[in-house]
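All of the numbers you see were taken from the coordinates with simple rules; none came from a lab. What you see is a predicted model, and the numbers here were worked out from it, not measured in a lab. Because the Cβ atoms are built from the backbone with ideal geometry, glycine has one as well, and the counts that use them run over all protein chains shown.
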Amino acid sequence: MKSPDSLIQMGLLGEALEDGPVGVLVADEEMRYIAANRYVCRLLGYDRDELLQLRVTDVARTPTASDEYAEMIRDGVRLGTIPVTCRN
């Protein structure tokens, strides 16, 4: 069971990410988006429910997106930028 302090920290972190000035997308190992903050929804032109129906390769439209995602899963990190496709 999580301590009250850790639950508070998780709540604060969630609030900071939700309302922060940076787009945040979280995807699972199958490349399905499972979380998105408000900023990234506005940036990409999707509402959250629409965005959570997409996969990484629907937004990161580069020929190497799948390979780069697999490397990130394997290595635990990926630094850099990748072009994205907005809805509009």
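For the chain, the longest principal axis of the alpha carbon atoms and the long axis of helix 65-75 meet at an angle near 40°. Compared with the dominant principal axis of the Cα atoms in the chain, helix 4-19 is inclined by about 40°. With the convex hull constructed from alpha-carbon coordinates only, the chain shows a mean projected area of 6.9 nm² over all directions. With the simple spin-label model, which puts each label point 7 Å out from Cα in the Cβ direction, the Thr62 to Leu17 separation comes to 2.3 nm.
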